[in-house]
Each structure stands twice: as structure tokens, then as C-alpha cells.
Amino acid sequence: MRDPFSYSRRRTVAVSTIGHDNVPRVVADLSLSPIVHMEDLAVIGHVYDPVTDKWAMRDIAAEFLYMGAHPLPFMAPAGTRQILNYGTWSTHNDQFYCVPMFTPAQYLSQAPRHGVMNVVRCDIHELTKELIDGLRNDTTAVLMLSSDAHSYYTSMRAACDMISLSEIPAPIIFAYATEAPSQEIAVLLAATDMGGLLVDGFGDGLMVRVGIGGALDQGLSTRLAFNVLQAARTRMSKTEYISCPSCGRTLFDLQETTSLIRSHTDHLKGVKIGIMGCIVNGPGEMADADYGYVGSGPERITLYRGQEIVQRNIPTAGAVEALIDIIKTDSRWVERDLNVYDRWR
Ligand code: SF4
């Protein structure tokens, strides 16, 4: 029986850079309309600089590009791989760096496959005994799984259990699509539907497609995939903030202060900052933060490194700068790359 208090990830083989000990990967779904210009990939975190003729890959950048029937008309950024529909891949001139995506019928038809990685895309209802038998001994398969059931989480959870019990070694990428009236609702839906699966140790990658008001939001889709992975603590790709919910003891405007601290530090990958309204309960609530910014009196802040107090009762004015100084002292500060960052955001 699984221990509900400990995390263990489902064991899989490594296929290319997916599964086994690799962090969960993010696949950008670019299949709906052809990509024409290199600059079009900025929205998924790959920024092309025509002056240097080089790509910059942000911390939040998709590693796999699902292009469907429309391969890129230029060389893909280094470190990425295109996934093409099988029919398109089979006539493409680069059948190594591009990998095929099969329907279950194509996969079972004994069609020629890639030597390293073969994506099989199916809905949970297509997980037939024949497909399971075919996947059981295939160490090149990656299962891209979708579900149109009313409850994405419960249906996908049952499918993941069945895949585990069937001893299929293939990594699983969750293909997730949702339509929401606002970004806030999309975040809630995606976190609810996929977060529990990741916390339970399932999922070696995400492919998220989010529409807001009927229009696909590619940038939000990519960010959301990384954010859900980070919230599930399965892949850290940016600064993490832990703030208290605020209550009658709160000694400063929590939202305003959090957003001020974020505006200075949200490029520090992997750093965890606790922002707590009072010193009574704050230090306990931010127990695993790297740094703490805690209200300790009216217009007074106490700064922590882990659980250790570094500066006590300093004036609020200048406290954010003092926090940055502590991060710098620890050599965990990097300057923001404003040009590229702003273009991407
Ligand atoms: S840390 Fe202090 S201010 Fe924040 S919710 Fe807890 S008791 Fe309230």
C-alpha cells in the first residue's frame, strides 16, 4: 500500500530526456497553426536574437515542440525536439531530431519507428489490451495520455494505476486542454486536474493547451505547465514564494509587499522566500524557506536566513534591499537579463 505521507515517483525507462530521473518535461502544442518566424517561439521561452543569430532559452521554455503536420521551416532551437504526426514524420528529411507521434492504430500497425523515441497519443478509452501488450516491452515509447471524461483527475488517476499494474515502462505525458473565462480560473482548473496526479508520483511531462474566451493562449499554456510542476514540487524553474494567508495579526499589506518582493526577485530560480505577516506564527509557517521577510512590529521587519535571524526589527523602508543584500552575500543573486526577459514576458 502506498504511504500517503511520502512521495515516490512511478518508475519508468528514460526515453530521450523524458522519464526515469529526468525532471518532468514540458511540450508546447504548436500544432494548430504553422509557425513561420523564429520570433514566434518567444512565447514558449525560446528567444531568437537576429543580431547574434543565437537562441536564448529561458528557465521556463518548452523542451519539446508538438508541431503536428507543420514542421518548423527553420532549424529548431538547440535542446529542443520536434514531435510530428507520424504521416508527416515519415516523409520528413530529418527523422532523427524530429520524432513521430502515432495514433494507437498506427503504432500497432508495425509501421517503421524511430530508433530512440516514439510518442503514442491516446485517450484513456483507447488503452486496449492490445495496446498495453504492445507498450509493455517497448523502451522507446512515450505515452501521451488525454482524457475527455467529466473528471480529468479521477479518470487519469485510474488510468495511471492501470498502467502501473500493467508494468508498462513508458513515461507518461499528460495532454491537458481546457477552456476558461479568465487566467485565474484556468490556473485553478489546471492545478486541480493535474496537481494531484503529479503529487501522487505520476507524470513525466505535461502538454497544456489553455483557451481564454475562445482564443488559445500559448504563453499562458507554457507558463501554466511549469507553474503546476513547480507547485507540485516536481520541477523548480523559478523563485518560490511562501506567504501566510494574513489575519488580524498581520503587520503590513501582504499583497502589496509580496508583489514588491516578487518584482525584485522573481528571476532567482530555485530560491524560496517566505513572506509572513507576523513573528508569532510566521517563522513556523515558512519552515522550509531559504529566506524570510517577517513582520515583527509596526513598520518593522525581521529577516531570516532559513530559521536563523539575520537582521532583527529593521525599518520597513529598506527591508527589501536588505533582503537582497543577504541573498547576494550568499552568492545566490543573479542580475536579471532585462532585454531578453522583457521581450519574452
Ligand atoms: S503568520 Fe501571523 S499574520 Fe500570517 S496568518 Fe499566521 S498568525 Fe496571521
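Taken as a whole, the condition of being under 30 Å from R9 (Cα atoms) and assigned by TED's automatic domain parsing to the domain that holds D193 applies to L220.
Among the residues of segment 182-219, how many are aliphatic (A, V, I, L, M) and in a helix (DSSP H, G or I)? Counting residues in segment 182-219 that are aliphatic (A, V, I, L, M) and in a helix (DSSP H, G or I) gives 11.
M156 satisfies every condition listed in (1) touching a residue at least 40 places away in the same chain (Cβ under 8 Å); (2) away from the ligand (no atom under 16 Å from the Cβ); (3) of a type in the set (A, V, I, L, M); (4) in a loop (DSSP other than H, G, I, E, B) except (4).
Residue-wise test of (1) within 16 Å of the ligand (Cβ to nearest atom); (2) touching a residue at least 60 places away in the same chain (Cβ under 8 Å); (3) open to solvent by 20 Å² or more (accessible area, probe 1.4 Å).
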site	(1), (2), (3)
K238	no, yes, yes
Y241	yes, no, yes
T250	yes, no, yes
L268	no, yes, no
A289	yes, no, no
S296	yes, no, yes
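Checking each residue of segment 253-266 against the condition of being open to solvent by 40 Å² or more (accessible area, probe 1.4 Å), more than 17 Å from I324 (Cα to Cα), out of contact with any Pro (no Cβ under 6 Å at 6 or more places or on another chain) and near the ligand (Cβ under 8 Å from one of its atoms) gives no match.
Restricting attention to segment 18-39, which residues are open to solvent by less than 60 Å² (accessible area, probe 1.4 Å) and not hydrophobic (A, V, I, L, M, F, W, C)? Scanning segment 18-39 gives G19, N22, P24, R25, D29, S31.
Take segment 46-87 and flag every residue that is open to solvent by less than 60 Å² (accessible area, probe 1.4 Å) and over 20 Å from the mean Cα position of the chain (by Cα). Within segment 46-87, Y48, D49, G68, A69, P71, L72, F74, A76, L84, N85, Y86, G87 qualify.
For R312, are the conditions met, namely being surrounded by 12 or more Cβ atoms within 10 Å (Cβ to Cβ) and either touching a residue at least 40 places away in the same chain (Cβ under 8 Å) or in a helix (DSSP H, G or I) (or both)?
No.
The residue that is farthest from the chain's Cα centre (by Cα), counting only those in segment 270-287 that are within 20 Å of N227 (Cα to Cα) and away from the ligand (no atom under 11 Å from the Cβ), is I273.
Criterion applied to E130, E184 was being out of contact with any Leu (no Cβ under 8 Å at 6 or more places or on another chain), open to solvent by 60 Å² or more (accessible area, probe 1.4 Å) and of a type in the set (D, E), and the one residue passing it is E184. Considering (1) open to solvent by 40 Å² or more (accessible area, probe 1.4 Å); (2) assigned to a strand (DSSP E or B), the lone condition that Y176 does not fulfil carries the number (1).
Looking across I273, I326, I261, one residue alone is among the aliphatic types (A, V, I, L, M), in contact with a strand residue (DSSP E or B) (Cβ under 9 Å, 6 or more places away or on another chain), closer than 27 Å to A190 by Cβ and assigned to a helix (DSSP H, G or I). It is I261. Inclusion of N227 among residues that are open to solvent by 40 Å² or more (accessible area, probe 1.4 Å) and either charged (D, E, K, R) or more than 9 Å from the ligand (Cβ to nearest atom) (or both) is warranted.
The values are calculated or read from the model by the stated rules, or taken from the named source; none is laboratory data. Fair warning: this is a prediction, and the values are worked out from it, not measured in the lab. Neighbour counts run over all protein chains shown; Cβ positions are idealised from the backbone, glycine included. Just so you know, the surface numbers come from the protein's heavy atoms only, side chains and all, with ligands and any DNA or RNA stripped out. Shrake-Rupley method; radii C 1.70, N 1.55, O 1.52, S 1.80 Å.
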